[in-house]
Number of protein chains: 2
Amino acid sequence: MSEESHPKAEDCNCLAVRQAARHVTQFYDQFLAPIGLRMTQFSVLSRIKKRGPMTINALAAELVMDRTTLGRNVLPLEREKLIAILPGKTDRRSKELHLTELGRERYEAGAKRWAAAQRQFDVAFGDRRASELRAILRAVTKTNLSGKAAN
Amino acid sequence: MSEESHPKAEDCNCLAVRQAARHVTQFYDQFLAPIGLRMTQFSVLSRIKKRGPMTINALAAELVMDRTTLGRNVLPLEREKLIAILPGKTDRRSKELHLTELGRERYEAGAKRWAAAQRQFDVAFGDRRASELRAILRAVTKTNLSGKAAN
DNA sequence: CTTAATTAAGGGTATATGCGCGTATATGTG
DNA sequence: CACATATACGCGCATATACCCTTAATTAAG
């Protein structure tokens, strides 16, 4: 018997989640493409819509995204006037991301498309399994992998 | 009662899998960083190592990656002499990706790091749940979401 | 109040991602 | 064989991702 079973490449957690992410993102992006939004962009608009104006740092944390990544992802949205980036009221270092009226409209249009994609996914994958999927993915995202204590 | 429950943004399958992918990728990439490999690159080397020389198209399909994406991802690996890109023997349009000796060595080094990351993930998330996670993610990746018949 | 430590964000660099369009080669058909 | 079709791949474009280092502003220490 082997004293220790070598971990196998085909069991890579990271590869599995990345492949799934690519597969699912392409699907959702097809639905959003006609209105000129990507999934990432829709996520940003959706979050701001729901939670109100937020700073880069705060939004990045909620989206589980690097701060600098969000800073760049936000630029196309600002260019298209979907969001406004205003200086923070109390802290002049920070920037508040505001949803513009145009952004709200675009979000609403996107929400319809998103809902269609979501329905189709749930049908294809099964409602129950889709629900399981989201639960286990949320658990993954919440897991402190580094082992260090989270302050 | 509402005649139909609106799908909720926080239940987005796509966002969930993307966030998890970012979270997990950062973790694995930290392990691979010291030897100068990213997860994507390690996946490419690993696949070629396991399956032997492959064309861009074939490898892209296996990695659930767009053909053009892989075409670009392969360039840094070629630049560092980890893989060799040779013209296809029978079909001159295709290119065969070969693992070089240097690439094999780098892969072996990466495999050690990857195994450490994988172990730590499995411990933090739980072996059983990690196994479930991979199973459901594989199911997602395999699911034909478009509804069209797959030729 | 002055200085040190902390925090918010930008810029540089590099890779990752995929669509649309174009080119070269291969294959099927008459 | 000539021609239409299919396939393998590259390039341009735009966004996505995250590292490092830096700057500006806030907050804590003295």
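Does residue A:67 count as open to solvent by 40 Å² or more (accessible area, probe 1.4 Å), within 19 Å of residue A:142 (Cα to Cα) and within 14 Å of chain B (Cβ to nearest Cβ)? Working first, answer last.
Details: open to solvent by 40 Å² or more (accessible area, probe 1.4 Å): yes; within 19 Å of residue A:142 (Cα to Cα): yes; within 14 Å of chain B (Cβ to nearest Cβ): yes.
Yes; evaluated as a whole, the condition is true for this residue.
Inside region A:6-25, can you point out the residues that are within 10 Å of DNA strand C (Cβ to nearest atom) and either surrounded by 21 or more Cβ atoms within 10 Å (Cβ to Cβ) or over 27 Å from residue B:121 (Cα atoms) (or both)? Full working, then the answer.
Narrowing region A:6-25 to residues within 10 Å of DNA strand C (Cβ to nearest atom): A:15, A:18-19, A:21-25.
Correct list: A:15, A:18, A:19, A:21, A:24.
Go through (1) within 11 Å of chain A (Cβ to nearest Cβ); (2) in a helix (DSSP H, G or I) for residue B:147 and report which single condition fails.
(2) is the only condition that residue B:147 fails.
Return a yes/no flag: does region B:56-68 have any residue that is free of Cβ contacts under 8 Å to residues at least 12 places away in the same chain and more than 12 Å from DNA strand C (Cβ to nearest atom).
Step one: filter region B:56-68 for residues free of Cβ contacts under 8 Å to residues at least 12 places away in the same chain, giving B:58, B:60-61, B:65-68.
Among the residues that remain, those that are also more than 12 Å from DNA strand C (Cβ to nearest atom) are: B:58.
Checking region B:56-68: at least one residue is free of Cβ contacts under 8 Å to residues at least 12 places away in the same chain and more than 12 Å from DNA strand C (Cβ to nearest atom).
Give, as residue ranges, the helices (runs of 4 or more DSSP H) completely inside region A:53-134 that count at least 2 residues that are more than 29 Å from residue B:26 (Cα to Cα) and hydrophobic (A, V, I, L, M, F, W, C).
Details: elements: A:56-62, A:67-79, A:101-125.
Result: A:101-125.
If I filter region B:87-106 down to residues being within 10 Å of DNA strand D (Cβ to nearest atom) and in contact with a Lys or Arg (Cβ under 8 Å, 6 or more places away or on another chain), which single residue comes out as farthest from the other protein chains (Cβ to nearest Cβ)? Write out each step before concluding.
First, the residues of region B:87-106 that are within 10 Å of DNA strand D (Cβ to nearest atom): B:87-88, B:91-97.
Adding the requirement that they be in contact with a Lys or Arg (Cβ under 8 Å, 6 or more places away or on another chain) leaves B:87-88, B:96.
Numbers: B:87: 28, B:88: 25, B:96: 21 Å.
Out of the qualifying residues, it is B:87.
Starting from residues that are assigned to a loop (DSSP other than H, G, I, E, B) and open to solvent by 30 Å² or more (accessible area, probe 1.4 Å), keep the ones in region A:26-43 and report whichever is nearest to DNA strand C (Cβ to nearest atom). Show your work before the answer.
From region A:26-43, those assigned to a loop (DSSP other than H, G, I, E, B) are A:36-38; that's our starting set.
Checking the rest, the ones that are also open to solvent by 30 Å² or more (accessible area, probe 1.4 Å) come to A:36, A:38.
Details: A:36: 12, A:38: 9 Å.
Taking the candidates together, the pick is A:38.
Check residue B:75 against each of (1) open to solvent by 90 Å² or more (accessible area, probe 1.4 Å); (2) within 20 Å of the chain's Cα centre (by Cα); (3) more than 13 Å from DNA strand C (Cβ to nearest atom) and name the one condition it does not meet.
(3)
List every residue pair whose Cβ atoms lie under 7 Å apart, where the two residues are 6 or more positions apart in sequence or sit on different chains, the first residue falls within region B:42-54 and is at the interface with chain A (Cβ under 10 Å from one of its Cβ atoms), and the second residue, located anywhere, is modelled with pLDDT under 95.
Within 7 Å, the pairs are B:46/A:9; B:50/A:9.
Condition check ((1) open to solvent by less than 30 Å² (accessible area, probe 1.4 Å); (2) over 18 Å from the mean Cα position of the chain (by Cα)) across all residues:
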| site | (1), (2) |
| --- | --- |
| B:71 | yes, no |
| B:81 | no, yes |
| B:92 | no, yes |
| B:99 | no, no |
| B:112 | no, no |
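Considering only residues that are surrounded by 16 or more Cβ atoms within 10 Å (Cβ to Cβ) and under 16 Å from the mean Cα position of the chain (by Cα), which ones fall in region B:116-135?
Within region B:116-135, B:117, B:118, B:133, B:134 meet the criteria.
Are any of the residues in region A:140-150 more than 12 Å from DNA strand C (Cβ to nearest atom), more than 30 Å from residue B:145 (Cα to Cα) and surrounded by 16 or more Cβ atoms within 10 Å (Cβ to Cβ)?
Quick first cut of region A:140-150, residues more than 12 Å from DNA strand C (Cβ to nearest atom) only: A:140-150.
Within this subset, residues satisfying the condition of being more than 30 Å from residue B:145 (Cα to Cα) are A:144-150.
When the remaining residues are screened for being surrounded by 16 or more Cβ atoms within 10 Å (Cβ to Cβ), the result is A:145.
There is at least one residue in region A:140-150 that is more than 12 Å from DNA strand C (Cβ to nearest atom), more than 30 Å from residue B:145 (Cα to Cα) and surrounded by 16 or more Cβ atoms within 10 Å (Cβ to Cβ).
Just to be sure before I move on: is residue A:119 within 14 Å of chain B (Cβ to nearest Cβ) and either β-branched (Val, Ile, Thr) or away from DNA strand C (no atom under 16 Å from the Cβ) (or both) in the structure I sent? Give the derivation first.
Working: within 14 Å of chain B (Cβ to nearest Cβ): yes; either β-branched (Val, Ile, Thr) or away from DNA strand C (no atom under 16 Å from the Cβ) (or both): yes.
Spelling it out, residue A:119 is indeed within 14 Å of chain B (Cβ to nearest Cβ) and either β-branched (Val, Ile, Thr) or away from DNA strand C (no atom under 16 Å from the Cβ) (or both).
The values are calculated or read from the model by the stated rules, or taken from the named source; none is laboratory data. Because the structure is a prediction, the values reported are computed rather than measured. Every residue, glycine as well, gets a Cβ built from its backbone with ideal geometry; the counts of neighbours run over all protein chains shown. Surface accessibility is based on the protein's heavy atoms, side chains included, excluding ligands, DNA and RNA. Shrake-Rupley method; radii C 1.70, N 1.55, O 1.52, S 1.80 Å.
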